[in-house]
Amino acid sequence: MSSSRRQFIKKSTLAAFSGIIGAPIVFGKWLPKDYIPLILDQNDFHNKFSKDPAMVVLNDKPWNAEAQAHILDDKVTPASRMFVRNNGLIPQDIQTDQWTLTIDGESALTTKTYTLADLKSFPKHTYQLTLECGGNGRNEFDPPAKGNQWSIGAVSCASWGGVRLSDLLKDVGVKEDAIYVGYYGKDMHLSGSPDKNPISRGVPISKAMMEETLIAYEMNGEDIPLVHGFPLRLVAGGWPASASGKWLHRLSIRNKVHDGAKMEGSSYRVPCEPVAPGEKVLDENMCIIESMPVKSLITYPKSGAMLGTKKSLAIRGHAWAGELNVSVVHYSIDFGVTWQKCELQAAANRLAWQHWSGNVSFPKDGYYEIWARATDSEGNMQPMLVPGWNPKGYLNNACHRIAIKVG
Ligand SMILES: Nc1nc2c(c(=O)[nH]1)N[C@H]1C(S)=C(S)[C@@H](COP(=O)(O)O)O[C@H]1N2
Ligand SMILES: [Mo]
């Protein structure tokens, strides 16, 4: 909650509180001093960004919030159910007619600046692209890793529309020594300093040239929502979503690995070779995360569902594997002793998640867990347990498990 809002609430009378809530606070006279009624605290995020009430807020400065598995059931993730990961403060008072994208850098043949209208005059391409935060699943690491404690909900697959980054790079001209494309967004560092970027990452030139790598101005057929990068965003599907810069206003074609904020140290990097849990790792032994590992979600039913007596149940979800395809998804209801094969659909396009479904038979009433496990086109399988510990808790692709009661 913003401090101005906190101030406002502090000064409010009980009547004002009730006014905002739209109902009397029945035991209002016992409300502790400075206590913010939960509903106001919660509504702040959900109302501000038009988010589903089931989105879980992990941090309010900067805003970070994740989905729960059952609200990720849509084939294409709607804006209301898309996780929010901010490293800094969302830009204010954006004027689209003033917005430009400048492409420069040591390895650019020219420097060019495009308005949004200029960008829209290039051929438009639309792809469904999976974006998963590198830290999704961080909450399961032991020893624990600092940072937002994402569980399973920092993943989305929306439909992104815009211009191919490769078309722009060709327009500007790329020198032969080009290695990386770094992004700069308009969000502000938490310190308020205009000279610091909250984050400035990017992708190697080969990923930048991939046909699905977009400079997007649309999400799900509309303007990109403010919190997801309005009016312009780099979208590099299948890679940690930190590579997909929001509020994009500058790209730099670099002759070395981009050295912007959060490219170094343990940020978005993991030990190049496995280490023991808790071990200190030297910077030079850390490698940048590229394509994300194979993973899946059970989006129906909801974990905790009380299903009544039934012999069978149709279950479903999504699976994705970074730049690879998912080749098969299995489920187990006997704690992994036996596995049944699911139906698996082809992706709408490369880098989009795939939908799977299964029909579970229950031998009798009782408590069950459903576990899902995806395998990628190179034979890599999701592990049952949290994989390779790393200092920042990235890349946990352990199987998703849900609990249900039948009867
Ligand atoms: N400018 C800018 N771009 C950014 C970020 C940011 O803080 N600022 N966060 C990155 C990270 S770490 C992630 S996981 C994704 C989150 O995208 P979303 O909030 O649209 O889901 O945006 C990436 N792009
Ligand atoms: Mo992220």
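A few notes on this one:
- Binning the C-alpha pair distances of region 96-288 at 5 Å intervals from 0 yields a P(r) profile of 1, 8, 15, 20, 20, 16, 11, 6, 3, 1, 0 %, listed from the shortest bin outward.
- When the inverse distances between all different Cα atoms of region 171-224 are averaged and flipped, the Kirkwood radius reads 13.7 angstrom.
- Residue 302 - accessible surface, heavy atoms, 1.4 Å probe, Å² rounded to 10: 100 Å²
- DSSP loop chymotrypsin sites (Phe, Trp or Tyr not before Pro) with at most 14 other Cβ within 10 Å: longest gap in the chain: 36-334
- Helix runs (DSSP H) in the chain reaching 15 Å along axis by Cα, Kyte-Doolittle at least -1.0: 38-48
- Among the protein heavy atoms, those of residue 392 account for about 60 Å² of accessible surface (1.4 Å probe, every chain in place).
- Summarised as an ellipsoid, region 295-406 has semi-axes of 25, 17, 12 Å, derived from the eigenvalues of the Cα gyration tensor scaled by 5 and square-rooted, with the largest first.
- Here the simple spin-label model places points 7 Å from the Cα toward Cβ, and for residue 177 and residue 124 these points are separated by 4.0 nm.
- Against the empirical curve 2.2 N^0.38 Å, the C-alpha radius of gyration of region 137-213 lands at a ratio of 1.49.
- Nearby lysines by direct alpha-carbon distance to residue 256 (threshold 16 angstrom, same-chain neighbours under 8 apart not counted): 175, 207
- Dipole in debye (nearest 20) - the chain, about Cα centre, beta carbon charges: Lys, Arg +1; Asp, Glu -1: 1160 debye
- In the complete set of protein chains, residue-level accessible area for residue 350 is approximately 110 Å², probe 1.4 angstrom.
- Kirkwood hydrodynamic radius of the chain, Cα pairs, Å: 22.8 Å
- Shape analysis of region 194-309 based on the Cα gyration tensor places the equivalent ellipsoid semi-axes at 29, 25, 14 Å, largest first.
- Within the straight-line cut-off of under 12 Å between alpha carbons, the aspartates and glutamates reachable from residue 51 are 66, sequence neighbours fewer than 8 places apart in one chain being disregarded.
- Once Rg and the Kirkwood radius are both taken over the C-alpha atoms of region 34-132, their ratio Rg/Rh works out to 1.08.
- Local electrostatic count, residue 335, Cβ distance below 14 Å [Lys/Arg +1, Asp/Glu -1]: 0
- Pairwise centroid distance, computed over Cα atoms, of region 178-221 with region 363-407, Å: 32 Å
- D (Stokes-Einstein, µm²/s), Kirkwood Cα radius, region 261-311, 1.306 mPa s at 10 °C: 107 µm²/s
- Environment charge of residue 392, counting only residues whose C-beta is closer than 11 Å and scoring Lys/Arg +1, Asp/Glu -1: +4
- The antiparallel fraction among DSSP beta bridges confined to the chain stands at about 90%.
- Pairs from the list 146/280; 61/196; 61/280; 75/302; 146/246 with a Cα-Cα gap above 19 Å: 61/280; 146/246.
The values are calculated or read from the model by the stated rules, or taken from the named source; none is laboratory data. Owing to the predicted nature of the structure, the values given are computational and were not obtained by experimental measurement. Ideal geometry is used to build each Cβ from the backbone, glycine not excepted, and the neighbour counts take in all protein chains shown. Remember, those area values only see protein heavy atoms, side chains included, never the ligands or the DNA or RNA. Shrake-Rupley method; radii C 1.70, N 1.55, O 1.52, S 1.80 Å.
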